[in-house]
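The values are calculated or read from the model by the stated rules, or taken from the named source; none is laboratory data. Since the model is a prediction, treat every value here as computed from it, not as a measurement. Heads up, the Cβs are rebuilt from the backbone with ideal geometry, glycines too, and the neighbour counts pull from every protein chain shown. The protein model used for the area step is the full one, side chains on, heavy atoms only, and it has no ligands, DNA or RNA in it. Shrake-Rupley method; radii C 1.70, N 1.55, O 1.52, S 1.80 Å.
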Amino acid sequence: MSALEWFAHKPLGGGIFWIQERFYESGNRANIWLVRGSQRDVVIDAGLGLRSLPDYLRAAGLLAPADGAAPRPLLAVATHVHFDHSGGLQHFEEVAVHSAEAAALLRGDNYETVTWLSDREVARPPRPGWRARHFRVPPVRPSRLLQEGDEISLGDRQLTVMHMPGHSRGSICLHDKERKILFSGDVVYDGSMIDWLPYSKISDYIASCQRLLELVDRGLVEKVLPGHFNIFGAERLYRLASNYISQAGICHKVSTCAMKSIASIALRITNPRVTS
């Protein structure tokens, strides 16, 4: 299967494109965002990597400027290193990730990337003989380590890095302040927020949700482009963040601790730690 078959995209206007893996039929299917700038293009998250995303972008004509000039430099930014967002980073020459998760990506630590893929989730195998049990996030050397407050310049637009741990220790959002757009990764999406994975931390998640509420209160976000499911607005963002904070009591913490233990055991069996 070619990359052109594997992916599909939808233009959202303003130089933003919504890309998905057509045959990965799972709630874990991540949204991929292409943001085009005057001097640089950025891909936010990269999917599983079963086909080359850069090949798709070139074949679909999404990288070449309208005047026929040479394509702009392309940077892939991972909002975090979980497998559904980071598997495709292997196909990019330039990769950025938060420093807290850089080592896991560098060593191909499929425990921290929580790699969990089944054959039934892939409607059409990317090649003959492919099996989900062989899937791994390969080691990738980041070319840029991100920190809170860093600016990613695309020329005519700037994306500000917001370190928002909780779902994972290196989770980030990217904030286009001028356009009031938040690329939220898995920090928040219109569904149940997952805080029971290895390196998830409820107290961090509460603090991150409080930052999200502050963004809404200050009128700094009007549109959220999340890591999964559909786009939503500031009112829904406020409700999702406030609901998490209000529900993160002792009962939630106890049940989450139990789920985290089960998830950790299952992942250690299927993805032994890589420590070197």
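Counting the residues of the stretch 135-152 that are over 18 Å from Arg218 (Cα atoms), open to solvent by 20 Å² or more (accessible area, probe 1.4 Å) and touching a strand residue (DSSP E or B) at 6+ places or on another chain (Cβ under 8 Å) gives 9.
If only residues of the stretch 49-90 that are under 20 Å from Leu4 (Cα atoms) and hydroxyl-bearing (Ser, Thr, Tyr) are counted, the one that is surrounded by the fewest Cβ atoms within 10 Å (Cβ to Cβ) is Ser52. Taking the numbered list (1) in a helix (DSSP H, G or I); (2) modelled with pLDDT of 85 or more; (3) open to solvent by 20 Å² or more (accessible area, probe 1.4 Å) in turn, Asn230 passes all entries but (1). Arg144 falls short of the stated requirement of being out of contact with any His (no Cβ under 6 Å at 6 or more places or on another chain), more than 12 Å from Ala78 (Cβ to Cβ) and in contact (Cβ under 8 Å) with a residue 60 or more places away in the chain.
Filtering the stretch 38-48 down to residues that are open to solvent by less than 10 Å² (accessible area, probe 1.4 Å) and of a type outside the set (A, V, I, L, M, F, W, C), which residue is farthest from Leu174 (Cα to Cα)?
Within the stretch 38-48, the first condition is being open to solvent by less than 10 Å² (accessible area, probe 1.4 Å), and the residues that meet it are 41-48.
Add one more test, that the residue is of a type outside the set (A, V, I, L, M, F, W, C), and what stays is 41, 45, 47.
On the way: Asp41: 14, Asp45: 11, Gly47: 17 Å.
Once the filter is applied, the top-ranked residue is Gly47.
Scanning the stretch 1-21 for residues being touching a residue at least 60 places away in the same chain (Cβ under 8 Å), surrounded by fewer than 17 Cβ atoms within 10 Å (Cβ to Cβ) and either β-branched (Val, Ile, Thr) or under 21 Å from Pro128 (Cα atoms) (or both) gives a total of 1.
Going through the stretch 195-227 one residue at a time, which ones are free of Cβ contacts under 8 Å to residues at least 60 places away in the same chain, among the hydroxyl-bearing types (Ser, Thr, Tyr) and open to solvent by less than 20 Å² (accessible area, probe 1.4 Å)?
Step one: of the stretch 195-227, the residues free of Cβ contacts under 8 Å to residues at least 60 places away in the same chain are 201-224.
This time we only want the ones that are among the hydroxyl-bearing types (Ser, Thr, Tyr), so: 203, 205, 208.
The answer is Tyr205, Ser208.
Taken as a whole, the structure places Leu182 among residues that are at negative phi, in contact with a Cys (Cβ under 8 Å, 6 or more places away or on another chain), aliphatic (A, V, I, L, M) and crowded, with 22+ Cβ neighbours inside 10 Å.
Going through the stretch 233-250 one residue at a time, which ones are free of Cβ contacts under 8 Å to residues at least 24 places away in the same chain, part of a helix (DSSP H, G or I) and more than 17 Å from Ile194 (Cβ to Cβ)? Steps first, please.
Of all residues in the stretch 233-250, those free of Cβ contacts under 8 Å to residues at least 24 places away in the same chain come to 233-235, 239, 243, 246-247, 249-250.
Cutting the leftovers down to part of a helix (DSSP H, G or I) gives us 234-235, 239, 243, 246-247, 250.
Ala234, Glu235, Arg239, Ser246, Ile250 - these are the residues of the stretch 233-250 that are free of Cβ contacts under 8 Å to residues at least 24 places away in the same chain, part of a helix (DSSP H, G or I) and more than 17 Å from Ile194 (Cβ to Cβ).
I'm trying to understand the selection: among the residues of the stretch 97-131, which are surrounded by fewer than 22 Cβ atoms within 10 Å (Cβ to Cβ) and closer than 24 Å to Ile152 by Cα? Of everything in the stretch 97-131, those that are surrounded by fewer than 22 Cβ atoms within 10 Å (Cβ to Cβ) and closer than 24 Å to Ile152 by Cα turn out to be Ser99, Ala100, Ala102, Ala103, Leu106.
Could you check how many residues of the stretch 132-168 are among the small types (Gly, Ala, Ser) and outside any loop (DSSP other than H, G, I, E, B)?
Kept after step one, since they are among the small types (Gly, Ala, Ser), are these residues of the stretch 132-168: 132, 143, 149, 153, 155, 166, 168.
Remaining after also requiring outside any loop (DSSP other than H, G, I, E, B): 132, 153.
Counting residues in the stretch 132-168 that are among the small types (Gly, Ala, Ser) and outside any loop (DSSP other than H, G, I, E, B) gives 2.
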